[in-house]
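Encoded as structure tokens, the structure appears first; notes follow it.
The values are calculated or read from the model by the stated rules, or taken from the named source; none is laboratory data. Values in this document were obtained by computation on a predicted structure and should not be read as measured data. Glycine also receives a Cβ, built like all others from the backbone with ideal geometry; neighbour counts cover every protein chain displayed. What goes into the accessible areas is simple: the full protein's heavy atoms, side chains included, and nothing from ligands, DNA or RNA. Shrake-Rupley method; radii C 1.70, N 1.55, O 1.52, S 1.80 Å.
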Amino acid sequence: MNNRFTRRIALAFAASAALMTAAPAMAGDWKPQKPVEMVIMAGQGGGADRLARLFQSIIQKENLASMPILPVNKGGGSGAEALRYLKDKEGDNHTIMATLNSYYTTPLRTDIGVDIEEFTPIARMALDTFVLWVNADSDIQTLDDYVAAVKAAGGEWKMGGTGTGQEDSLVTAMLEKEFDIKVTYVPFKGGGDVAKNLVGGHIDSTVNNPSEQLGFYNAGKSRPIAAFTPERLAAFPDTPTMTELGHPLVYDMQRSFVAPKGMDPAAVAYYTAMFEKLNASEEWQTYTAEKSLAPDFLTGEALQAYFVEERAKHDALLGAMSEGS
Amino acid sequence: MELFAHLADGFATSLSPLNLFIVILGVTAGLFIGAMPGLGSVNGVAIVLPMTFIVPPSSAIILLCAIYYGAMYGGAISSILLGIPGASTAVATTFDGRPMAQQGKAGLALIVAATASFVGGTISVILFTLFAAPLADVALAFGPAEEFALVLLAFTTFVGLGGDDVLKTIIMICLGLALSTVGLDLISGQPRLIFFDQPGFYSGISFLVLAIGIYGVGEILYTIETSKSAPSVTPARLTFRDLWYGIKEVNKLWRTLSFGSFLGFFVGMLPAAGATPAALMSYGLSKLMSKKPETFGKGAIEGVASPETANNAASTGSLLPMLTLGIPGSPTTALLLGGMVMWGLVPGPMLFIEQPDFVWGLISSLYTANLAAVLVNLALIPLFVWALRMPFTVLCAIVLVLCIVGGFAPSQKMHDVWLIAGFGIVGYLMRKADYPMAPLVLALVLGPLMEKSFRQTLIAEQGNIVAFVERPLSGTFIAISVVFFLLPLLKYVKRSPRAQKVPNEPAE
């Protein structure tokens, strides 16, 4: 037993020594010279955070990068903090950023001097989904119950989210428009914080990503009401979609990686290849199936085109939202 | 009892020779990482995390927690010896640790810090063992209103306490709060107070930068001025008698220590707070409860013991929401969470049921890590104290270099280094004018949390400000805050000779 342990330790040192001397051969001739910073556009414990940390762990475990990847949370101001940070890193080959939809919504809403078209697209890993959640102690079982309860609350219904203009606030706005209801939107620092406040009874409902509520759901503390997806989610087969209930509300969130403006093309190729391998890994494929994510890999120019198109779409959505209120 | 059976199983894992070796290695590494300004447990855990794939998850988490614990002890070392907080959590330790060192009692201060850390760590691990599952519900019961009330409580303990001028304290708190609003607004994302359009201000002002500026650079300037002719070399000798004396001194403080442990554990447990606010709150409250509050800031043993107990207790406390709710209470626990995801463990309410081996292995290792940390720390104190014997002229330069490194390392921006220089000069001048610095640091640490929770509550309650008092938990905290705020006033009434003539006037 102990023998095996000591051997493992010895292996650990050998492996880390090997890491320092000979990096594994990767696409192209560029490779990182120091640890790579992975900026996360959200606070700790939320869906974006967990996913970014999962990516980091798979990269380390499968040895997809020759240097460690260090995740850094910069969740302030709906991701504005992270966007500003990436802008200041112009030309840096050792910074990548894990994005979500606030990648386009935040610069649209506030002038923070950031144009996302300047950034370098790396890879889109997945599209994440949204589900309407209530506390398991509540009497609400169906969407009809939910709408009735919100109407009865007369505008005092508390919907938790991660900040005005964030994905969940757009989904909330869609709900308000579709059902002609009014809620009070309470912003928190991250999806994990939102989930905790729902279970603690400080807010009445949320539109968390499945991965953010899964732990509480498994413990019987939160209840899914309806999913904002075209099809039912494999993890919640008994939860209807909004569409099948007659309300075609569908919204998803991209999970992508981008890099600062002016990154060396060789470095871009390196990271793209790294994420391609990550996308093909067994862990990632299992995870997407379990956590109701759609792996939808996209890179380069196609990804940039997708960003620009989504930005236009969100511009319209945000415009409609501010007219509504 | 089932609990003890689980714990016994856990010890079977953590007491294996390999894991014991790992613990000692981890705490020693952590101690040095923590002692280096600019490097804290976050850096230590981040560096080691990728290397842990090769050992089994239980050994890996034991190593990471040992580093975490060691760094918590180590932070106090540079706070005391050099006056620069070794880690953000040790900011409050500089308040009295540095004056003690200047009075030639560095060894005693280090002993007090180590033993107080041990007490805090141990009490909180016991609390963790007994109440981990039920306490998760307490963390859930804490909404924005409760967070606000708790922060308010922390502030009231700092206002108008013995020694400091009330008006100056309030001015410093207001200044700290104003500095805490610099950067991007948490709720709307709007930039605020971006001085001279410098992009560096977008990420706000880190309280560590302020603390290094004021306590590191400012302190050096002050010392240079006051000891121009005779640079003071701290006589540093340490014997077993000193050790025994230190432990006896700590023993007298059992009230401060047990209070600090409970407070630290509790504050650390709240996902939004963490070890730094816990240490500051503990410092404030122990000053409030002390019989000699006027000695605080001038080298009071309690002033070293209380924050050190609380920050160690808080580091254990912050493991609780990470394990039971999947929400990390501090940056370091966020990394540990990442590690757990890596090992295929799902933190959350089911972890205790699905992975008892892992959970109890971890809990039992906290006991061993704590013991190892205090022993290693005490053994190394003579070495640390010896470092103080170098001539002041040399030490002064080293401290300045460490200040710059400590400011640059976390953000890697020169912006922060200039800020440190600026704060150093301002801090030096303010100190000469007798302004207290601790409330400024406290306000910058707690300001963002206070603002966020205040606004969240008002949004959720449709602007109804009474909501803070209506909720039972937050109402209680606010009531206690009011009492604390009035307490010094009452003390004043009692002490003042005029009080007997006009007993009603100040109580108004």
Quick one: which residues, 5+ away or cross-chain, put their amide H under 5 Å from the amide H of residue A:120? H built at 1.01 Å from N. A:259, A:261
Scan around residue A:254 for amide H atoms under 5 Å from its own, H built in the peptide plane at 1.01 Å from N, and keep only partners 5 or more places away or cross-chain. A:101, A:128
From the Cα centre of the range A:38-69 to that of the range B:315-384, the distance in Å is 20
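Within 10 Å of each Cβ in peptide A:213-220, how many partner chain Cβ atoms are there on average? Round it to a whole number, please. Could you put the intermediate results ahead of the total?
Numbers: counts 0, 4, 10, 6, 2, 6, 7, 2.
Mean partner-chain Cβ count within 10 Å for A:213-220: 5.
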Which FRET efficiency, nearest 0.05, do residue B:252 and residue A:244 yield, Cβ-Cβ r, R0 60 Å? 0.30
At R0 = 51 Å the Cβ-Cβ FRET efficiency linking residue B:5 and residue A:282, nearest 0.05, sits at 0.90
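Averaging sequence separations of C-alpha pairs under 8 Å and six or more residues apart, then dividing by the length of chain B, give the relative contact order as a whole percent.
Details: 930 pairs, mean separation 142.0, N = 508.
Relative contact order, chain B: 28 percent.
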Would you mind checking the tilt of helix A:2-21 against the longest principal axis of the Cα atoms of chain A, expressed as 0 to 90 degrees and rounded to 10? 80
Average beta carbon contacts from partner chains per residue of A:195-202, 10 Å cutoff: 6
As a check on your grasp of the helix formula, calculate [θ] at 222 nm for the protein assembly as shown: sum -39500 (n - 2.57) over DSSP H runs of n ≥ 4, divide by the residue count, round to the nearest 500. -20000 deg cm²/dmol
Do any of A:74/B:413; A:87/B:413; A:74/A:221; A:151/A:291 go past 24 Å between their Cα atoms, and which? A:74/A:221; A:151/A:291
Can you bin every Cα-Cα distance in chain A into 10 Å intervals starting at zero and give me the percent of pairs per bin, rounded to whole numbers? 6, 25, 32, 21, 11, 4, 1
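Classify the range B:1-52: rounded, prolate or oblate, from the alpha-carbon gyration tensor (a ≥ b ≥ c, eigenvalue square roots; a/c under 1.5 rounded; otherwise prolate if a/b is larger than b/c)?
Details: a/c = 2.68, a/b = 2.37, b/c = 1.13.
Prolate, since a/c reaches 1.5 and a/b exceeds b/c.
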The range B:400-430 to the range A:129-151: how many Å between their Cα centroids? 51
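Arranged from highest to lowest average of other beta-carbon atoms within 10 Å per residue, in what order do the peptides A:48-57, B:67-76 appear? Present the calculation step by step, with values, prior to reporting the outcome.
Numbers: A:48-57: 25.4, B:67-76: 32.2.
Packing order, densest peptide first, comes out as B:67-76, A:48-57.
Stokes-Einstein D for the range B:82-152 at 4 °C, 1.567 mPa s, Kirkwood Rh over Cα pairs, in µm²/s?
On the way: Rh = 14.9 Å.
For the chosen part, D equals 87 µm²/s.
Per residue of A:158-165, what is the mean number of Cβ atoms on other protein chains within 10 angstrom of that residue's Cβ?
Values: counts 4, 1, 2, 0, 0, 5, 3, 2.
The shielding value for this peptide is 2.
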Return the distance in nm (one decimal) between the two label points of a simple spin-label model at residue B:195 and residue B:432, each offset 7 Å from Cα along Cα→Cβ. 1.9
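Give me the orientation-averaged projected area of the Cα convex hull of the range B:2-494, in nm², one decimal.
Values: hull surface 93.4 nm².
Quarter of the Cα hull surface area: 23.3 nm².
Per residue, what volume in Å³ does the Cα convex hull of the range A:252-315 take up?
Working: hull volume 6.0 nm³, N = 64.
Cα convex hull per residue, to the nearest whole number: 93 Å³.
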When a/c reaches 1.5 or more, the comparison of a/b and b/c decides; with that in mind, is the protein assembly as shown rounded, prolate or oblate per its Cα gyration tensor? prolate
Each residue of the range B:465-472 in order: what ³J(HN,Hα) in whole Hz does its phi give by Karplus 6.51 cos²θ - 1.76 cosθ + 1.60, θ = phi - 60°, with x for Gly and Pro? 6, 5, 3, 4, 8, 5, 6, x
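Out of the DSSP beta bridges found with both residues in chain A, what percent are antiparallel (nearest 5)? Could you put the intermediate results ahead of the total?
On the way: 21 of 37 bridges.
Once the DSSP bridges in chain A are tallied, antiparallel ones form about 55 percent.
As a test of reading the structure, rank B:100, B:289 by solvent-accessible area (1.4 Å probe, protein chains only), most first. Walk me through the intermediate numbers first.
On the way: B:100 0, B:289 70 Å².
The residues order as B:289, B:100, largest area first.
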Lysines near residue A:34 by alpha-carbon distance under 16 Å, same-chain residues fewer than 8 away left out - which ones? A:89
Tell me which aspartates and glutamates have Cα within less than 18 Å of residue B:105's Cα, excluding those fewer than 8 residues away on the same chain? B:96, B:219, B:242, B:249, B:302, B:308
For chain A, what's the relative contact order in percent, using C-alpha pairs closer than 8 Å and at least 6 residues apart? 26
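Packing-wise, with mean Cβ within 10 Å as the measure, how do A:86-96, A:196-206, A:151-161 rank, highest first?
Details: A:86-96: 19.4, A:196-206: 24.5, A:151-161: 17.2.
Most protected by this proxy first, the peptides run A:196-206, A:86-96, A:151-161.
Using a 10 Å cut-off on Cβ atoms, rank the peptides B:118-129, B:307-318, A:231-242 from the highest mean neighbour count down. All intermediate terms of the calculation are to be shown ahead of the outcome.
On the way: B:118-129: 23.4, B:307-318: 35.2, A:231-242: 15.5.
Ranking, from highest mean packing down: B:307-318, B:118-129, A:231-242.
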Amide H neighbours of residue A:296 under 5 Å, counting only residues 5+ apart in sequence or on other chains, H built in-plane at 1.01 Å? A:126, A:127
For the range B:70-206, build the charge dipole from Cβ charges (+1 Lys, Arg; -1 Asp, Glu) around the Cα centre, then report which of B:84, B:167, B:157 sits farthest towards its positive end. B:84
Straight-line reach from residue A:261: which aspartates and glutamates have a Cα under 18 Å away, not including same-chain ones fewer than 8 places off? A:37, A:81, A:88, A:90, A:92, A:115, A:117, A:118, A:301
For the protein assembly as shown, with only Lys/Arg (+1) and Asp/Glu (-1) charged at the beta-carbon, what is the dipole magnitude about the Cα centre, in debye rounded to 20? 3640
